[in-house]
Amino acid sequence: METTEIETRRAANPSVGRGRYVFPPGLRLNLPFYLFHRFFKPGNPILLFEHLRRFGRAAHYRILWSHVVLLNEPDDIREVLIDKASSFGKDRTQKRMKILLGEGLITSDGATHRRGRRIVAPAFHRQRIQRYAGQIVDLAAGVSGAWRPGETMDIAAEMMRLALQITARTLFDTEVTAEIREINEQVNAIMDLYNYLVALPRAELLLKTPLPGMRRFRRAKARLDAVVEAMIGARHAEVAAHLAAEDERGDLLSLLLAARDDGAGGDGLKLTDEELRDQVLTLFLAGYETVANALAWTWMLLGQNPAAEARLHAELDAVLGRRLPTLEDMPRLEYTAMVLSESMRLYPPAWAMGREVLEDVRIGPYALPKGTMVFFSQYIVQRDARWFPEPERFDPERFTAEAKAGRPRFAYFPFGGGGRQCIGESFAWMEATLVLATLAQRWRLALEPGQRIEPQPKITLRPKSGIRVRTVERTARHMQ
């Protein structure tokens, strides 16, 4: 659909008043009236956000009785996430995720979120997560050693399997056991129902109805909770039997079992078993889904950009030679980090964020009433030509220190920002960098011709039908 005359007139103005409130320009009609327009595709809100970007700084639309505002300006996003964060809470879409994740760090709010973050934060201290570097490289090297020249694979599925191995080792100190596979299968089953749960009005009230989707969800969620609770119970029993410290094993589950709310304002108590289950499910999902997708998109972009791929290989050869990477190599793998940064600019695993206005508030020139839903999309903002000229082009040089210093803080925010910034960001960067370095040191991945690679926005940004590649060994010599 082209912008209507009324929409064009509004777009020429900075805002549109409705009583004492001031909304941005936007869609003239309620969103459901656009059902047959090309930007309205259930399950793909990115198309809607791309359409709304033409209104500039921000856009307004309504879904039934609810007002929704999409923010595209980094300074406005900073106001929501930092300057006026207390005026905003989790949006209704994220609250729906409580159906899956309970009161984990992604879904909880207010005092519950602050308590959970205080308890979980020590497990992600830099000195804690650095101990996992060797395990990450060992697992990636095992995958590299199993590949054979000329074989074809779906690299998105392969990165999911590797990230699942890494999560199993670092979160549970185990291999990919039947229990881990069960957790993965049930999470995937629920992910397949995600858009159904988000779109269905009053989904929380319909959970006990005989609707087919709700029945599938109840089965998957019950099984998921049972497996996670059994693993937590087994670790409790193991600790009791050996009279050992709960954090002796060093995996994230053991650290969470031992952690207490000892921070400022804390109650000194440990997580309950229910809180543990919710945090473990959250860390499980965030721990493998996001990194796996970031790596899959990176391989696609390298396959499409041979000059960047060659420069990456040159850096790996210069820094590593024939040995595997270590944690100490990361500061020298500058271009490797730039490749990942540019990949997450174009295909951010967390592709959008939202907040609900808790009290009447001003953001930039707009006056928004309580209850307004506010969204901002990494996928959209990180393709703004003001900050990223030729935004569709893959160019890791955008992430030199000088280039980064010349952009607003929220022109690029793949891990969010403010008090709710992803607690596992440092871990994710370490994992993605070491995995990419380990695999790219030995292999090139050539894209299979003729395939259509399309992003699928669910909880994370997945390749809808995978990414088919062919392995090309860079050298016949094996790494020492």
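Miscellaneous remarks
- Residue within region 8-23 that is under 14 Å from ALA59 (Cα atoms), surrounded by 12 or more Cβ atoms within 10 Å (Cβ to Cβ) and at pLDDT 80 or above present: yes
- Any hit, region 275-283, residues being among the basic types (Lys, Arg), part of a strand (DSSP E or B) and either farther than 20 Å from ARG131 by Cβ or touching a Pro at 6+ places or on another chain (Cβ under 9 Å) (or both): no
The rows are residues; the columns are (1) in contact with a helix residue (DSSP H, G or I) (Cβ under 8 Å, 6 or more places away or on another chain); (2) within 23 Å of PRO306 (Cα to Cα).
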{"position": "TYR347", "(1), (2)": "yes, yes"}
{"position": "TRP351", "(1), (2)": "yes, no"}
{"position": "VAL357", "(1), (2)": "yes, no"}
{"position": "GLY364", "(1), (2)": "yes, no"}
{"position": "PRO389", "(1), (2)": "no, yes"}
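- Within region 62-120, the set of residues being closer than 28 Å to VAL228 by Cα and at pLDDT 95 or above is empty.
- Qualifying helices (runs of 4 or more DSSP H) (wholly inside region 148-223; at least 3 residues being at pLDDT below 75): 178-192, 194-199
- Options LEU439, LEU445; residue that is in contact (Cβ under 8 Å) with a residue 40 or more places away in the chain and assigned to a helix (DSSP H, G or I): LEU439
- Residues of region 40-63 that turn out to be outside any helix (DSSP H, G or I) and in contact (Cβ under 8 Å) with a residue 12 or more places away in the chain, as a count: 11
- Filter result for VAL319 (β-branched (Val, Ile, Thr) and over 27 Å from the mean Cα position of the chain (by Cα)): yes
- Filtered residues of region 448-479 (kept if among the aliphatic types (A, V, I, L, M), in a strand (DSSP E or B) and modelled with pLDDT of 95 or more): VAL469, VAL472
- Flag for GLY424 being of a type in the set (Gly, Ala, Ser) and surrounded by fewer than 19 Cβ atoms within 10 Å (Cβ to Cβ): no
- Unmet requirement for VAL339, which otherwise passes all of (1) within 17 Å of the chain's Cα centre (by Cα); (2) closer than 15 Å to ALA294 by Cα; (3) hydrophobic (A, V, I, L, M, F, W, C): (1)
- Only a single item in (1) out of contact with any Pro (no Cβ under 7 Å at 6 or more places or on another chain); (2) within 30 Å of ARG117 (Cβ to Cβ) is not met by PRO449, and it is number (2).
- Sole residue being of a type in the set (D, E, K, R) and either within 18 Å of THR282 (Cα to Cα) or without any contact (Cβ under 8 Å) to a residue 40 or more places away in the chain (or both), chosen from ARG148, ARG128, ARG114: ARG114
- PRO325 more than 30 Å from TYR61 (Cβ to Cβ), over 22 Å from the mean Cα position of the chain (by Cα) and surrounded by fewer than 22 Cβ atoms within 10 Å (Cβ to Cβ): no
The values are calculated or read from the model by the stated rules, or taken from the named source; none is laboratory data. In this text the structure is predicted, and so the values were computed from the model without any measurement. Glycine also receives a Cβ, built like all others from the backbone with ideal geometry; neighbour counts cover every protein chain displayed.
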